[in-house]
1. Kindly indicate whether Ser213 is open to solvent by 20 Å² or more (accessible area, probe 1.4 Å), out of contact with any strand residue (DSSP E or B) (no Cβ under 9 Å at 6 or more places or on another chain) and either in contact (Cβ under 8 Å) with a residue 12 or more places away in the chain or polar (S, T, N, Q) (or both).
2. Hey, could you check the stretch 328-373 for residues that are in contact with a strand residue (DSSP E or B) (Cβ under 9 Å, 6 or more places away or on another chain) and of a type in the set (Lys, Arg) and say which is surrounded by the fewest Cβ atoms within 10 Å (Cβ to Cβ)?
3. Out of all the residues in the stretch 84-93, is one or more in a loop (DSSP other than H, G, I, E, B), out of contact with any Pro (no Cβ under 8 Å at 6 or more places or on another chain) and either among the aromatic types (Phe, Trp, Tyr) or buried (at least 20 other Cβ atoms within 10 Å of the Cβ) (or both)?
4. Of the numbered conditions (1) open to solvent by 50 Å² or more (accessible area, probe 1.4 Å); (2) within 24 Å of the chain's Cα centre (by Cα); (3) not hydrophobic (A, V, I, L, M, F, W, C), His237 fails exactly one; give the number of that condition.
5. Hey, among the residues in the stretch 325-345 that are part of a helix (DSSP H, G or I) and over 35 Å from the mean Cα position of the chain (by Cα), which one's nearest to Gly296 (Cα to Cα)?
6. Quick check on Ser150: is it assigned to a loop (DSSP other than H, G, I, E, B) and open to solvent by 70 Å² or more (accessible area, probe 1.4 Å)?
7. Look through the stretch 244-278, keep the residues that are under 27 Å from the mean Cα position of the chain (by Cα) and charged (D, E, K, R), and return whichever of them is surrounded by the fewest Cβ atoms within 10 Å (Cβ to Cβ).
Amino acid sequence: MTSSRGERVRARRAVYRARRLWVFGSLAAVIVLAAGGIFTAMALAQSAGSGATAEAEPAASESSTPVPEETPLTPAQTLLASTTDPQACAVQFAGEAIAHDPVLQTQGALYSALPIPRAEGKVFAGWYASEADAAALTTAARVNGSDAVSCVDRQVTLHGAWTTPEVNAAKDAGIPILMYHQFTANPEGENNSLKLNYAYIGDFDAQMAYIASSGFYLPTWDELSAFIDGALFLPEHSVIVTDDDAHQTWLDLAAPVVEKYKVMTTSFVITKWRTEGSPNPYVLQRSHTQDMHEAGENGKGRMVNWTADQIAADLEQSAQILGVKEVVAYPFGHYNDTTKRGVAQAGFEMGRTIEQGYVRIGTDKLALPCIRINYGMTVDDLAGLIG
């Protein structure tokens with residue numbers, strides 16, 4: 001069919017409009033793509049910038065001042081950190097062949113249970129306040145359970161010393177154990193059958209003053225035991241002060257004197273009669289049995305009449321009251337082999353008799369001798385007995 005001229009004109013116009021729309025659409029697409037590329041580039045740039053900043057931060061951190069590592073606590077500091085007691089003191093031990101961990105003690109109280117090192121071919125010679133005192137075996141600077149704990153910044157170091165078995169044996173020290181009983185304020189003494197038992201308190205005061213001022217060493221019972229074994233050196237100028245019975249006159253008259261001069265003593269307590277604690281820090285309490293300070297069927301003490309099992313049971317009861325075993329004083333001084341078996345069975349290491357003499361290396365630990373102090377003995381008499 002032949003189209004008219006008008007129709008051909010309209011067709012050309014439609015083609016023209018279509019081409020123009022295509023050009024505009026193409027231009028718009030290019031613009032959109034270009035814009036998208038710009039935005040994409042900006043995003044990438046921002047991302048790169050963020051990454052640069054993130055990487056820069058560690059660099060800044062690396063250039064800052066390093067935090068020092070925390071110094072670990074010493075064993076002594078660790079001990080102190082474990083307690084809230086403001087009087088606690090960490091006691092450290094130093095010296096050749098000394099490998100004991102520090103222990104906590106209480107400032108102002110007497111030292112308790114200090115270790116006694118043992119080493120093959122050596123004899124321990126005690127703890128000292130300084131390394132120089134340990135090297136010189138300075139008796140006045142030797143530290144043990146008769147001394148009060150004193151610390152600086154809640155810590156103290158004790159220095160150990162040694163000697164040889166040959167030197168220790170050559171000294172041949174004899175250690176006196178003084179035995180007191182009752183006391184009196186009457187210079188004329190007590191007018192009764194036990195008069196010799198009653199020391200005049202004026203004489204006792206002078207005797208304790210002499211011991212305190214003359215540089216005597218006051219061994220503990222565990223030290224005496226190690227000395228008997230030949231494992232511990234004790235100075236010749238040593239003495240142990242004891243009282244039998246814990247009589248009321250001991251508590252009223254003698255114990256204050258002991259505290260005044262700070263002389264460590266041992267009170268042998270009959271726990272059936274007395275159960276209260278020590279009158280002051282310088283009085284150790286040890287057993288004089290629970291109920292064996294009585295005569296047996298033959299007029300002698302129960303300790304030589306009872307069986308070993310009965311003796312052990314009595315001493316166990318006494319130890320529960322006192323809170324310690326260690327040493328017992330035999331009532332009336334009576335003992336035999338059965339007594340010794342009962343004492344050992346109860347876990348006591350030593351027994352003190354009333355036999356006169358001095359403790360030496362190798363002495364029978366269950367038959368310790370003593371030096372009896374009677375009424376009328378003066379300080380000069382005491383000096384003649386103990387040096």
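1. Yes, satisfied.
2. Applying the filter and picking the extreme gives Arg360.
3. no
4. All conditions are met except number (2).
5. Applying the first criterion (part of a helix (DSSP H, G or I)) to the stretch 325-345 yields 331-333, 337-345.
If we keep only those that are over 35 Å from the mean Cα position of the chain (by Cα) as well, we get 332, 337-338.
Values: Phe332: 12, Asp337: 17, Thr338: 14 Å.
Going through the qualifying residues, I end up with Phe332.
6. For Ser150, the condition - assigned to a loop (DSSP other than H, G, I, E, B) and open to solvent by 70 Å² or more (accessible area, probe 1.4 Å) - is met.
7. Here the residue is Glu276.
The values are calculated or read from the model by the stated rules, or taken from the named source; none is laboratory data. As the structure is a prediction and not an experimental result, all values here were calculated from the model. Cβ: placed from backbone, ideal geometry, glycine included. Neighbour counts: every protein chain shown. Note: areas computed on protein heavy atoms with side chains; ligands, DNA, RNA excluded. Shrake-Rupley method; radii C 1.70, N 1.55, O 1.52, S 1.80 Å.
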